[in-house]
Every structure is written in structure tokens, then in C-alpha cells.
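Here, each number is a calculation from the coordinates, and none is a lab measurement. Just so you know, these numbers come straight off a predicted model, no measurement behind them. Here the Cβ positions follow ideal geometry from the backbone for every residue, glycine too, while neighbour counts run over all protein chains shown.
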Amino acid sequence: MRCPGLLILLLLFSSPPWAYANSDLYDTLEKQIGSAPDKVLQQATPLLAQATKQGNAEEQLRALALIVMSALNLGDFDQAGEKIQQGLTLAKQSNLDNQLASFLIYNAQLLTIRGQDIKALESINPAISLAKILDDDLLLSEALATRGQVLMNQELHAVALKDLLVAQQIMETIPDLDISLLGDLYNEIAMSYMSTGNHKNAIALLKKSLLITDPDDLRAITVTKYNIASCYLDLGQYAQAKKLFSETQALTEQIHDKQGMAMLVGGYAKLLLAQDRLKQAVPLLEKAIDLFDELNLPVSQTNLLLLLADTERQLGYLEKAERHLQQAATFLETLKMPSLHIKLLKSQSELAAARHDYQKAYELLKKEESLEQGTRKKTQQKQLSLLQARFDFALKDSENRLLKQASARQSERSRIITGAAIIIILIITAAYAYENRLKRKMALLALQDDLTGAANRRQITSRLREEMERAKRYQHPLSIAMVDLDHFKHINDKYGHDTGDKVLKYFANAAKATIRSQDLIGRVGGEEWLFIFPHAEAGEARNILKRLASRYANNNITGINPSDSLTFSVGITELHADDLCMEDPLRRADNALYEAKNNGRNQILIAT
């Protein structure tokens, strides 16, 4: 889980090398950016005026850097953008390459915040070239880390991680380095791990970052603890998440961080939602939305409005859900964010279905699917543009070095050709992967259960084979569960098959709302289901299914007498090292399920 309003600040806390002049006031202010950016901004403004009056370009740039970093920390992106452009112009006019590289990095970071990744890459590549020419390892590592973030935003995770790890290697060799800078970089690498679902490695790296972060940099500590808590929340470890959220709250209140408090309130709400405490989550979501409204952060506000509407729909507050979806739609009229439009259409479709307007629900679902396909195509084109821009930069950078290193011309030319070939292969591979994804999506329509929309037997067993191979290759835990709805035949006989179908649909929807994003569910028989839990041990799978049992029992299916309680029986097993085929864990799970049913049903048993 990401924390967009805070995480982007991590690379901004470090000052460029030229900022360490013999000035006690500047040194003091630079150290306070992470804990008191508002105070730094107040004091840096007259410093800029004084330096401008004196005509001292270096002092002007130093004051501008203080204002930029403080404004970014405070979320004042307009002021940050204005001062960055002043800094770029002044650095070019004064031929101060170190400062120019620093402001190019700031500019790329701001463009990344605003979602302008192509422009961000165009800004960061010259900064990398300047850092190499200046032989400045700190500038180079910061620039590479920023480019890694841009690529990660576009889901080019492998290429992004390469830049981040190179930045780490460079930074770890810098003598007398402020160790907190390395902690900031650890945070960014951890975010890359989180993006790919590798939460355990992310937590280890975030904890390592905490150990080396300056104890006075409360903002950096707050951000890191928030993200560790988010990891625990994704992993279903709610006690640890709540403890860290509490610690983060104390720090956030201490430094009067409004944006951090808004994120934290939203985090508490998500924790309650994960525990099926929907009613308690509603006021927290409303408070977080109000806080983001005060901060003028419509993206975060829209995300929470959609989450609030979905929660209200599940609680049966359909009019309130409608009103909040309309608010979200109003924001999206000015936000060019297809991913949020897709979420909105999905929420509107589910609300229409809750009102039994299935025709409207179907039409909205088709719009969602069409928009998603178009968005994926645009995303693919954008990814290719990013790769092309990176290739163009690499080619130009190499040509410049060839001119300066005539003695190594032949070897450099070979390196260009090799690099070009690699980039071209990446572009072709990306295009081929996109075509394959489209084909797989078309094939998926034939691999879904028509009634519930869950994967059918063919699809879920195919995915089980894949997850088993992946778990064995990377030595990750993997759990599976066989689930059977108790007394389902009685429901069919007593209420009819239409009601039975409602029960199956409700169970499938409840399961999808309960399991983690990486988990899988498929219908393998009439009332039999197979669950796959990657990166989860049996105990964690059991906790997820316990939450599902509670949600299933507290159903709102019309026409069923409350005396006919809805329950299910479960058999769980973990993947063993000696499992040769998927039939081995399936047999153990099925045996545990059989035992649970024989012991009176409504039980979750783990195979021994």
C-alpha cells in the first residue's frame, strides 16, 4: 500500500552538495526541513530577497532550494514549481552546473507528483549526464533514484529496481555520507518491493531505514512507520499495524503535519474495513475526506470518496453512496486519471446492482471494461515512450562521452550498439507482452464461472499450477483451501434455485471483498470452491477465511429466514517441498474438508 502524499518527500530531504557552505543559518534551516518546513519557508523567503539584492547567485540558489524543499513538504506544489523554474533559469545563466543538476532533480520530482512522467524523465536524464560529468556521486545517486521512481510509477518495475539498486551501490561508497540519505533510498527501494507484493522484504528494508534515520527528522520517521504499518495491514497483521499507526499519530501531531494526519485517518479507516468493522470506518473516512479537502488534494479525496461509497453500499446506505459517487464524479471531471474513472464505473455498477437495476449495472460494467482496455493501451504506449526516452538519453550520453574519449571510441560504439539492442528488445518484449495480455483477457471470458464471475475449475487449477511453480522457485509460502457451503442443498430445496443462485453470488462477492489482492478464488463444483493464498502460511489463510465466514453469516440476502444460518466448512493445507503435482496439496485440503464436515460442519481445519 502506497502513501502518495508522503512517500514522494523521501528523496527531497537531502540537500545537494553545494548546499553545505560555511553558513550556520543555512545549515540549521536545512536540518529543519523534515521537521518544521513551515518555519524554514518563513525564514528562507527574506534570505532569498537579501541574496537577490546582493546579486549573489549561489546564495539565491541555496535560498531557492530551501523554499522548494519546504514547499514540497507542505504540499504547496505551485510555489515549488515557480521557484524551481527560477532556480533552473538562474543556474543556467550563472553556469553553475551543480545547482542546475539539483534543480533538474527537483523539477523531475515535482513532475512525478503531478503524474507527468514523460516530462519528468526528460528533466532527470540531463541531471544524470551533468552528475556524471561533474563526477558527483551523491547527485548521480539521487538522480538515478528519481528516475527509478518515474519508471516504477509506470509499472516498469524491473527497470526501475535496477536504477534504484545502482543508486544504492553508488551511495554506499560515498565517504562521510549523511547516513539518513541512505535511509531515504532504502524507503524508495522498499516501495518497489511493495509494488510487486513482496511485503516481507519491504518491511525488512523499512526497519533498516528506521535504524539509520536521524532521530530529529520526525517527518522521515513518520513516513517510514506509516509504510511499515501499511505493509502489516496488507499482510493481515492488524495488531502490528494498529500499534504502528498509533506511534505514527503521536509523531504526526507533534510536528503538526496535516497531510500526514489525513493519510493516517484514512489508514485507520482501512484497518477497520479490513476487520469488517464497516460502521466504525465510515466517520473516519468522512474525516479523512474533509482533511484532504482542506489540503486541496483531490486525488486522495476522490479515492476515499469511492471507498466510502462502497462501504455505504455494503451497509445498505444506498442514497448516501449515490451522493458520494456523484461527488467523486465531479472531481473526476477535472482529473485526468483513467484508473479512478474505472473505479468509479465499477462502484456505480455495483450500486445499480444493489438497487436491482441490472440493465444499468451491465451497461456501466461494459463501459468500465471498454475504458480499462483503452487505458491499458495508452499505458502501454506511455511505457514504450518512457523506454524510448531512456534509450534516446543513453544514446546521446554515450555519443558525448565518445567525443571526449577518442581513444575508447570503438569500445564505446560497441556499448551503444549493445545498449540500443537491449532497449529495442525491451520495447519489442513490452509490445509483445501487451498483445499477450489482450489475448489472455479475451481467453479469460471463457475461463470464468457464468453465474458468479469467479474463476471456473479450469482457470483456478491452471493458476494453482502456476503459483506452485512460483512458490517453489522463490521459496515462498503458499496455502490453499477447499471450501464447501454447508447445507446448500437444503437452501435449494426450501427456497428454490433462484435463491440458491443468490447465495452463490453473495458468497463469491463476499470472498472477493475479503481476500487480499494477490489471492485467488474459483468455483470447482456446485457449492465447492478453491482458494489460493500466495505468500501466506496456513494460519494467515485461516484468519482471512474467518473474516469471510463472519461476512457470509451476516448476509443481507432477501428471502432467507434468519434461522437458516449460512456457514461453510474449510480444509486448508500448505505447499510441501515434496509435492510433485497439484493433486498432492488438493488431496490434503480435501481430506481436511471431509473431516470438518464429518465433525459437524461450520469448521476450518488445517491439514497436518
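For the stretch 133-210, would you read off the P(r) tail past 16 Å as a percentage of all alpha carbon pairs?
On the way: 1423 of 3003 pairs.
Cα-Cα pairs in the stretch 133-210 separated by more than 16 Å: 47 percent.
Kirkwood hydrodynamic radius, the stretch 457-606, all distinct C-alpha pairs: what's the number in Å?
On the way: mean 1/r = 0.0639 Å⁻¹.
Kirkwood hydrodynamic radius for the stretch 457-606: 15.7 Å.
Which entries of 39/132; 270/502; 343/597 have Cα-Cα distances beyond 32 Å here? All intermediate terms of the calculation are to be shown ahead of the outcome.
Working: 39/132 35 Å; 270/502 28 Å; 343/597 39 Å.
Exceeds cut-off: 39/132; 343/597.
As an exercise, identify the chymotrypsin sites (Phe, Trp or Tyr not before Pro) in the stretch 189-250 lying in DSSP coil whose Cβ has no more than 15 other Cβ atoms within 10 Å. Numbers along the way, then the final one.
On the way: sites: 193, 226, 232, 238, 245; in loops: none.
Qualifying residues, ordered by number: none.
Averaging sequence separations of C-alpha pairs under 8 Å and six or more residues apart, then dividing by the length of the stretch 507-608, give the relative contact order as a whole percent. Walk me through the numbers on the way to the answer.
Numbers: 109 pairs, mean separation 22.2, N = 102.
Reported relative contact order: 22 percent.
So how far, in whole Å, is the C-alpha centre of the stretch 26-60 from the one of the stretch 557-572?
One Cα centre to the other: 65 Å.
How many angstrom lie between the C-alpha centres of the stretch 98-113 and the stretch 74-90?
Centre-to-centre (Cα) distance: 10 Å.
Quick query: amide H of residue 455 versus all other amide H atoms, modeled in the peptide plane; which residues come in under 5 Å with a sequence gap of 5 or more or a different chain?
Sorted by chain and number, the residues that satisfy this are 449, 521, 523.
With contacts defined as alpha carbon pairs under 8 Å and 6 or more residues apart, what's the relative contact order of the stretch 440-569 in percent?
Working: 156 pairs, mean separation 42.9, N = 130.
Reported relative contact order: 33 percent.
Taking the inverse of the average 1/r across all pairs of different Cα atoms in the stretch 25-100, what Kirkwood radius in Å do you get? Intermediate values should be presented prior to the final figure.
Values: mean 1/r = 0.0817 Å⁻¹.
Evaluated on the stretch 25-100, it is 12.2 Å.
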